[in-house]
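One structure below.
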There are 2 protein chains.
Amino acid sequence: MSLTLISPDAVKCAEYIFSRLYSLGIRSVFGVPGDYNLRLLDFVEPAGLHWVGNCNELNAAYAADGYSRINGISALITTFGVGELSAVNGIAGAYAEEAPIVHIVGTPARSLQDRRVFMHHTLATGDYRQFAAVHQQITAAQVNLVDPQTAPDQIDWVLQEALFHQRPVYIEVPDDMVDALVSTDNMKKKPVLSVPHVPEAQHEAAIVERVLGRLNAAKRPAILLDGETRGMRILDLVEELSKRTMWPTWTTIFGKGLIDESMYNVYGIFQGKYAPESWNEYFQTADLILHFGPHLSDTNSFGFSAVPRENVTIAISQHTVSVDGVLFRDLPPRRVMSKILSSLQPLKLGAQGPSHHPPPTVDLDKSLPLTQKHFYHYINSIFNQGDIILAETGTAAHGSRQFKLPPKSRLLTAVTWLSIGYMVPAALGAALAQREILGCSDNRKDGAPGKERVVLFVGDGSLQMTVQEISTMMKEGLNITIIILNNNGYTIERAIHGRKQRYNDIASWNNAHILPMLGQQSSNLESFPQARTWGELEAIIQSGKLTLGTGVGIIEVFFDQEDCEGSLREMLNEQIRKGN
Amino acid sequence: MSLTLISPDAVKCAEYIFSRLYSLGIRSVFGVPGDYNLRLLDFVEPAGLHWVGNCNELNAAYAADGYSRINGISALITTFGVGELSAVNGIAGAYAEEAPIVHIVGTPARSLQDRRVFMHHTLATGDYRQFAAVHQQITAAQVNLVDPQTAPDQIDWVLQEALFHQRPVYIEVPDDMVDALVSTDNMKKKPVLSVPHVPEAQHEAAIVERVLGRLNAAKRPAILLDGETRGMRILDLVEELSKRTMWPTWTTIFGKGLIDESMYNVYGIFQGKYAPESWNEYFQTADLILHFGPHLSDTNSFGFSAVPRENVTIAISQHTVSVDGVLFRDLPPRRVMSKILSSLQPLKLGAQGPSHHPPPTVDLDKSLPLTQKHFYHYINSIFNQGDIILAETGTAAHGSRQFKLPPKSRLLTAVTWLSIGYMVPAALGAALAQREILGCSDNRKDGAPGKERVVLFVGDGSLQMTVQEISTMMKEGLNITIIILNNNGYTIERAIHGRKQRYNDIASWNNAHILPMLGQQSSNLESFPQARTWGELEAIIQSGKLTLGTGVGIIEVFFDQEDCEGSLREMLNEQIRKGN
């Protein structure tokens, strides 16, 4: 290999990295400083990126995940060993649920690594590859920048992998590589990285034809929009298809919020065995189910009961198209979808969908305690167009399936990873992305309009995991409404097993002190809004405490510790029957 | 292999595990409940073990580490994926600094794993081995209990590995293995696991002879006690050696608190290039340095300047004895040390050590602000015999090197892993172990007397990482005094790099709200003890707020954000010189 000459317009390696992140649309970078990343951090803000210092690295990873789901991609910087390993669970969740995060780790200088010196933040084994081996399990691609000659290509490759696989990637930057000069040739050739162009495969035309044939022949069709569609860059085309065909359209839990729910033919989440009978009947007798971005975990498919029958399904994912169970590869989804839409015959609007099932209107006695059964319909009234709503794993996530989302709003909720503690930092990340998108039109990803506002529903147990990150929300001056669902411990676990067991209890907190402790200037503990009854909740809503533009606000609502619905209720009842 | 018959006195697999943990002296188990460990948790308390529900899994791992360092071994239970991966950084720290933790993970039922079902808490790849692969990097041994026939041997083996290597180990328990019956044969044969007996190696007598020869001939000897001695079960013998020889004895940072510092010949930490000149001169001209439990990281050896010269050193570690640079293996340290002590000639008390360097007595003007330079000597007066003192990574750890520890007290401080956030949960774990040891004489490990009390020094930045675990301290009714060193951000990082950079700032908290928020019943925000001057600190000490028996107490002391000493001061000055 010949030596690459440093061109006069070379840049420092750190400048190259952050310039690439900027061109991908990243504006905020999450993380925590540490001994081996300080010099790297010097280059963040000069690159036009905003540094978000988090309280700890797991929170930072969760926040980067939330940012990624709204912005499309995110970045996280940690330090070798102690920092990166704290982030592991957050990165793994982003892997499981397809949120690309560029995880950049500042590592000891190459000379220390080569000599296997027993530095701090190592396991004192002399092996500097152990933490990369950990990240190999939970990221789509990894690079270790040990040579300025190859660094630019390595960086571009790993970023492209993140975009293509929609998964986290891992970049190690030794301390002495931060200001090593690297060539800017790549930056001149490809100003912004994007999904690479793929020549049309020989079978592409035939597959598109086959899919079109099935579409045009369908008598009882349905669309099922799942969450992996988010990274496939076809959400606009799926919505167009749904609008043009008016075919009955459902989402999965993961797909909820990815299509305008105000469209008449959009029904909400298809809940499999828990769905209304008419929906289930339609689904079971459909002769075509167009399934976009399938993500077939137990929790995203109601114990697999919402998985469509293979022999009537055309499933389009990032890497494959499956027609009635036969898999085809190398068909870029956006090109396939564009061809389908351009060739689709004017369809008879004959696909008569099942009836809608709006929640029954219930008169709630103001003096009665709040219940999970009615809470989500009730609180739904506070949502505005463009809101980002997050519902943490637990009863909140179960309840959020009932939300009717306003246009342009988004929902982040429990899908497959279900790591409690995730949603508080994810709300921070989502809110930052939302603010950037609304504030900067040339950076806008999905045209979400309206004022910025994030609404977070979180249980009392989950809250305790990552509560400190609320201070970062305040530091950043974000508008986030936090609704704490206090049901005295891990109710979801009580439903599964150990209904009366002490291990499902948590420490008793006084949540009125959260904001005063974490940064609120003027604290009035007495005015902390709490609701145990419908009347109290109504008063809080009417007081305007849940409206936007007021920074970080918390309200606390109380439920009985065994109050749960749907599948959770079934499990709990089963335990009661057994005398547990 | 023939089928093992289930004997009539078989026990459930979970009962076997917890019975073994009990027999190892474990009384408290840390962790968080999750979908795949609930059935396992049913067996914790019936086995006589106390379940400590933590706020999150990283905190639980840190707490298990602190418990292990006092008790000798500890246990942690997490759930598959989300739980175990949150604990990774804590487990890695225990690996680096030799604290055995038995990490038990509840995993999905075998049938789900065999069929590669896309369950929640997986990466939805069908691969159930990815998290075990992560733990392979950070634990000494791993077992997956998938067969009742082999489970007892697997469990015994992995526990023995934990004890022998003094490192964490990893046990996967599939949900359907929890109540699978296993044989109790092992329990009858070996009621308590211990270090296995090793027959005497052929070279053992010769090596002992050689070591004795060097000891008897030494004219200018020194003892250097390092931290890995803790797990070698020879602390009593090292102290005996030091007492009988009266040889000048130093510790490393890691070894501090492992020998009675009230002995005249015990000097404290040998700080290498930062040591008093007379100490350094003695060390550099010594003709014998007995080095116990070497742990040669940069941070534990003052940038390697405190590492003794190989050609005069006899180093005794768990797995090797090194004589003047020549390594010998397979010499169990306790047997070797016993032989040495029993054959040691009455020594001339001729080893004239260097002079002591007690801290100069300084009159501190009450109106002047607190300084790192004098704070640690000043606060030293509050320590009692038997206290466990923890000093978190940062200026607190640096300052704690100056402490003069009372007899029977212990110090946990930054050694090699240096993960900020560690010390708050570690204090919880250490306090639980201390209470058990004091309360239960037949479980006493080192005879520590006196009332229970833990004192924690933690910086404002570190505190934000894991603050919620203070609620578990309160839930457990422990006596822990927390001294928050508030220097407005990451001062240790400012010293290293980025003195004025925003990334070394943290969110501004009002720490008066911590206890009221996390569980204190009666809160009086006005009486929250804070000190900015020596006079204010004196008043707090005189008020008795730092005495024991009063549950969890917090005081906050303030320092200038650039106030640091020793090596940190040197680094900061270097930055100032450069104009940073």
Gain in span if fully extended, A:Asp365 to A:Leu212, counting 0.36 nm per residue against the direct Cα distance
49.8 nm
Over the range A:372-577, with the other protein chains present, what is the accessible area per residue in square angstrom, probe 1.4 angstrom?
33 Å²
Heavy atoms only, probe 1.4 Å: what % of the accessible area of chain B goes to carbon and sulfur, would you let me know?
52 percent
Could you work out the per residue convex hull volume over the alpha carbons of the range B:372-578, in cubic angstrom?
119 Å³
Aspartates and glutamates with Cα under 15 Å of B:Lys243, excluding same-chain neighbours fewer than 8 positions away:
B:Asp260, B:Glu261
Per residue, how much accessible area does the range A:11-189 show when a 1.4 Å probe rolls over the protein heavy atoms, in square angstrom?
24 Å²
Given unit charges at Cβ for Lys, Arg (+) and Asp, Glu (-), the dipole magnitude of chain A about its Cα centre in debye, nearest 20, is 1060 debye
Given the pairs A:Lys475/B:Lys578; A:Lys404/A:Lys545; B:Lys188/B:Lys408; B:Lys273/B:Lys366; B:Lys256/B:Lys373, which are separated by over 25 angstrom at their Cα positions?
A:Lys475/B:Lys578; B:Lys188/B:Lys408; B:Lys273/B:Lys366
Evaluate 2.2 N^0.38 Å with N set to the residue count of the range A:204-343, then give the Cα radius of gyration divided by it.
0.95
Residue separation times 0.36 nm, minus the C-alpha to C-alpha distance between A:Ser278 and A:Gln530: what's the value?
86.8 nm
Please work out the Cα center distance from the range B:314-376 to the range A:302-339, rounded to the nearest Å.
68 Å
Cα convex hull of the protein assembly as shown - mean projected area over all directions, nm²
48.5 nm²
Rounded to the nearest 5, the percent of antiparallel DSSP beta bridges in chain A equals 15 percent
What is the dipole size for the protein assembly as shown, taken about its Cα centre, with +1 at each Lys and Arg Cβ and -1 at each Asp and Glu Cβ, in debye to the nearest 20?
300 debye
Where trypsin sites (Lys or Arg not before Pro) fall in DSSP loop in the range A:474-539, at most 16 other Cβ within 10 Å:
A:Lys500, A:Arg532
Relative contact order for chain A: what is it in percent, counting Cα pairs under 8 Å that are at least 6 residues apart?
13 percent
Computed label-point distance, nm, for sites B:Gln521 and B:Leu344 using a 7 Å Cα→Cβ extension:
5.3 nm
Between chains B and A, what is the buried accessible area summed over both chains (1.4 Å probe, protein heavy atoms, nearest 100 Å²)?
6500 Å²
For B:Ala539, place a label point 7 Å from Cα along the Cα-to-Cβ direction in every copy; what are the distances to the other copies, in nm, shortest first?
4.0
Globularity ratio of the range A:71-199, using Cα Rg and 2.2 N^0.38 Å:
1.08
Can you list, bin by bin at 20 Å, the percent of alpha carbon pairs in chain A, starting at 0?
20, 51, 27, 2, 0
Describe numerically, in nm with one decimal, the distance between label points set 7 Å from Cα along Cα→Cβ at A:Val323 and at B:Thr150.
4.7 nm
Report which residues of the range A:122-171 become buried by 50 Å² or more of accessible surface when going from the isolated chain to the complete set of protein chains (1.4 Å probe; DNA, RNA and ligands ignored).
A:Leu123, A:Val134, A:Gln137
Sorted on mean Cβ neighbours within 10 Å (highest first), peptides B:240-246, B:218-224, A:100-106 come out as A:100-106, B:218-224, B:240-246
For the range B:382-434 and the range A:465-507, what is the separation of their Cα centres, given in Å?
30 Å
Per the C-alpha gyration tensor (a ≥ b ≥ c, the square roots of its eigenvalues), the range B:127-203 is rounded if a/c is under 1.5, else prolate if a/b beats b/c, else oblate; here it's oblate
What does the highest-first list of A:392-402, A:205-215 look like by mean Cβ count within 10 Å?
A:392-402, A:205-215
Give the average, rounded to an integer, of partner chain Cβ atoms located within 10 angstrom of each Cβ in B:510-521.
5
What is the average number of partner chain Cβ atoms found within 10 Å of a Cβ in A:24-32?
1
List the residues of the range B:66-108 for which accessible area in the full set of protein chains is at least 10 Å² lower than for the chain on its own; 1.4 Å probe, protein heavy atoms only.
B:Val82, B:Leu85, B:Ser86, B:Val88, B:Asn89, B:Ala92, B:Tyr95, B:Ala96
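The values are calculated or read from the model by the stated rules, or taken from the named source; none is laboratory data. Everything numeric in this text was worked out from a predicted model, so none of it was measured. No Cβ is skipped: glycine too gets one built from the backbone with ideal geometry, and neighbour counts run over all protein chains shown. Keep in mind that these areas ignore ligands, DNA and RNA; they rest on the heavy atoms of the full protein, side chains included. Shrake-Rupley method; radii C 1.70, N 1.55, O 1.52, S 1.80 Å.
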